[in-house]
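> Before anything else, here's the structure in question.
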Amino acid sequence: MPPSSDASSGDVPALPGKAVAAVEHRWMPLVLLVSLAGLAFAGLFAAGLGREAGMGVPLVMGLGAIGVVAGLTLAALVHGRVRRHEIMRSLVRQRTRELEEARVLAEEQAAVLAMANRDLRVAARVIEHSVDGIMVTDADNRIVLVNRAFTDISGYTEAEVLGHDPGLLNSGRQGPEFYRVLWRALRDEGSWSGEIWNRRKDGTVYPEWLRITLLRDENGDVTHHIAVFSDLTEKKEAEERSRHLAFHDPLTGLANRALLIGRMRLALSASRRTGEAVALLLLDLDHFKLLNDTRGHPVGDAAIVAAGERIRRTVRPGDTVARLGGDEFAVILGGASLANGDGRGGALGAVAHIADRLVAAFQQPLMLEGVNGTAGGGEVRLACSVGVAVAPADGDTWETLLRHADVALYAAKHAGRDRYHFFTPEIGDRVRDRTWIEEGLRVSLGVGGDDLVDGFTLVYQPQYRPGADGTGGALMGAEALLRWNHPEDLSPVSPARFIPVAEETGLIVPLGDWVFRTACRTARKVRDRGVSGFKMAVNLSAVQLRDKGCGDRLRRILEEEGCTPADIALEITESALMGDAEGNLQAVHDLRASGFRFAIDDFGTGYSSLAYLRKFAAAYVKIDKSFVDGLPDDDASRQIVAAVIAMSHHLGLETIAEGIETQAQLDCLRELGCDFIQGYLLGRPMPEAQLMALMAPEIVSAEIATKQVVVSGN
């Protein structure tokens, strides 16, 4: 209730007890002073009045008492007014403090409310712009909120799904048991996550990663379900691409080695149960490296793709076709492909028929995709060689079958390419011999630098100008022949065996450099003896000639060994030159520009192209031993040799005949006008020291001669 009022204080609200005591204590001295002053003034004033009026002392004292009373009354009035004023001021200050506290509290609450509103707006924007789809359902599992990503992924707009059950997204791929497990996890654990397939509005089914969380109120009752999901379509496609690349060739799309091995294992396992044959065919594109080097890698890649497609179309759809790398392919035949065969003989016939079809398929040019109108044209011609191994006779494991098919492929290439070859134990022996040679060559060439090549030596066979008296005549040069002892047992290996292996493996390049350097040293020793007109000829293989650094290395070796190109004649076989005529022609011209002169070896055994003979601008033509062997009795051999000598002289070239073993052959060649001769009749290959013993300045003609360094034996 509000406080009571009187004449002295008015309607002043009551203050707390401590506040009133503080006010009275504060103003007590002033009130006392005013009261005393009022009393003194009233008494003096009354006494003065009585005195002026001539009143007696009693009357004056009475008036003084009246003055004192009046003073007390005045003091009481002053005290009441002062007290009321102070109470009002205290009340105002208290109300002001309360209002300030209320204002501060209101501002704090406003700030908290603003922050909460901001957080709500941020949360709403996060939900709206999240890349994950978000769907919220109520306790009855009715959709109450979805975000933009939900619409982007599912195709449904917000208006189309609000109030509906999420079952409208069901793809049908998950059965009732799946959903029972899901709801049980939600009930027991409060959340569930996993992969699920749902259906978009357009009917397409897609995978998603889904997490559902329950929201409960303070009583523990479920109020909402929050589902957050992401579309796994791109991830699944990327995983599928990765799986495909793990087992398929990226260029052709065919199976790769890993998938081939897996299917070989399955086929061999089935073969052991059923007894049916399984064949593995290895295919290699003949001279593909030449195509790749001369026409560029884009054309080479297009040729690989076209070759893979041709192989795939040639065999049955159920047969596995794989690319093992480079220009090598593989085919697994079994089941229906060999079903018409009766026993091993019938199976071999079926395999041979398919292998023959594969070889024949490459008789037609390969049409290249995407290179028409570009350098290289729209088609190429590539033959193929095929090696065949058939299980179980040729092996019952994929490793053995693959190794034997590779052996058969090597035999097909060695037999002339553009054919197929079945594995036999005999060709296995030949391949083992080749492997033994290759390993030995690598050991011999891997010892160190040029001065440390181990197991190789050069021997020299002299060359002469035919004498008028039927003798060998003047010594003009020598042919250096390479010899090699295998490092395993130091047994000599024929050049006819190890040179082809060196060429196939590329080891001929470092080996040829060593031969050239050693021959240059011998040529310098001959010149140091004062012998003039003695020319060193170095035989280059086609592999060396195609090597881009060949010319630079030869020139550097000449300089290091103190020789000049005038001391050397380079020799290359006719077949090697024509293997890549245009590319070799450029290499020959580059070397001729440095001062080297060339001899065409084994002329007449290969293409015998007069046009290219003129383009190569050779200085010498070497007549092959196979023609010399028929002299002088075989009329055909005599006519061929005579024609070669006459043609060469007409073109300004000199001729060299090799392999002379009888006097009759020597007389016939002298009669036909051959310029230089060599053979066992005139001198067997000999060490350098023995060759040096033949040297005498007075017996060496200043005319042109050849000392040939070859990497094949005579």
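> Within region 131-157, track down each residue that is among the acidic types (Asp, Glu) and modelled with pLDDT of 90 or more.
138, 140, 152
> Can you name the number of the only condition in (1) touching a residue at least 12 places away in the same chain (Cβ under 8 Å); (2) closer than 28 Å to residue 239 by Cα; (3) not in a helix (DSSP H, G or I) that residue 164 fails?
(2)
> I would also like to ask the following. When you look at residue 114, is it closer than 30 Å to residue 146 by Cα, hydrophobic (A, V, I, L, M, F, W, C) and modelled with pLDDT of 70 or more, yes or no?
The answer is yes for residue 114.
> Just to be sure before I move on: is residue 558 touching a Pro at 6+ places or on another chain (Cβ under 8 Å) and free of Cβ contacts under 8 Å to residues at least 40 places away in the same chain in the structure I sent?
Here the answer is yes, as residue 558 does meet what is asked.
> When you look at residue 153, is it surrounded by 14 or more Cβ atoms within 10 Å (Cβ to Cβ), in the same structural domain as residue 169 (by TED's automatic domain parsing) and touching a Pro at 6+ places or on another chain (Cβ under 7 Å), yes or no?
For residue 153, the condition - surrounded by 14 or more Cβ atoms within 10 Å (Cβ to Cβ), in the same structural domain as residue 169 (by TED's automatic domain parsing) and touching a Pro at 6+ places or on another chain (Cβ under 7 Å) - is not met.
> Has region 261-269 got any residue that is surrounded by 18 or more Cβ atoms within 10 Å (Cβ to Cβ), of a type in the set (S, T, N, Q) and either at pLDDT 90 or above or not assigned by TED's automatic domain parsing to the domain that holds residue 326 (or both)?
No - not one qualifying residue is present in region 261-269.
> To continue, here is another question. Anything in region 168-179 that is within 45 Å of the chain's Cα centre (by Cα) and loosely packed, with under 11 Cβ neighbours inside 10 Å? List them, or say none.
Within region 168-179, 172, 175, 177 qualify.
> Are any of the residues in region 224-232 at pLDDT below 90 and closer than 30 Å to residue 153 by Cβ?
Looking for residues that are at pLDDT below 90 and closer than 30 Å to residue 153 by Cβ, one finds none in region 224-232, hence no.
> What residue, of 458, 441, is under 30 Å from residue 683 (Cα atoms), assigned to a helix (DSSP H, G or I) and out of contact with any Phe, Trp or Tyr (no Cβ under 6 Å at 6 or more places or on another chain)?
Exactly one of 458, 441 is under 30 Å from residue 683 (Cα atoms), assigned to a helix (DSSP H, G or I) and out of contact with any Phe, Trp or Tyr (no Cβ under 6 Å at 6 or more places or on another chain), namely 441.
> Scan region 246-266 and give yes if some residue there is in a strand (DSSP E or B), touching a residue at least 12 places away in the same chain (Cβ under 8 Å) and more than 30 Å from residue 182 (Cα to Cα), otherwise no.
Within region 246-266, one or more residues are in a strand (DSSP E or B), touching a residue at least 12 places away in the same chain (Cβ under 8 Å) and more than 30 Å from residue 182 (Cα to Cα).
> Any idea how many residues of region 631-670 are assigned to a loop (DSSP other than H, G, I, E, B) and either surrounded by fewer than 20 Cβ atoms within 10 Å (Cβ to Cβ) or in contact with a His (Cβ under 8 Å, 6 or more places away or on another chain) (or both)?
8
> Sticking with this one: Counting only residues that are aliphatic (A, V, I, L, M) and in contact with a helix residue (DSSP H, G or I) (Cβ under 8 Å, 6 or more places away or on another chain), which one in region 100-143 is nearest to residue 232 (Cα to Cα)?
So the residue we want is 131.
> Evaluate the following for residue 210: is it aliphatic (A, V, I, L, M) and crowded, with 16+ Cβ neighbours inside 10 Å?
The answer is yes for residue 210.
> Would you check if there is a residue in region 136-147 being outside any strand (DSSP E or B), surrounded by fewer than 16 Cβ atoms within 10 Å (Cβ to Cβ), hydrophobic (A, V, I, L, M, F, W, C) and in contact (Cβ under 8 Å) with a residue 40 or more places away in the chain?
yes
> Moving on. Got a sec? Which of 428, 467, 446 is at pLDDT below 90, on the phi < 0 side of the Ramachandran plot and not assigned by TED's automatic domain parsing to the domain that holds residue 685?
So the residue among 428, 467, 446 that is at pLDDT below 90, on the phi < 0 side of the Ramachandran plot and not assigned by TED's automatic domain parsing to the domain that holds residue 685 is 428.
> Please find, among 522, 471, 457, 518, the residue that is without any contact (Cβ under 8 Å) to a residue 24 or more places away in the chain and more than 35 Å from the chain's Cα centre (by Cα).
471
The values are calculated or read from the model by the stated rules, or taken from the named source; none is laboratory data. Note that the structure is a prediction, hence the values are computed from the model and not measured. Counting neighbours? That spans all protein chains shown, and the Cβs are built from the backbone with ideal geometry, glycine included.
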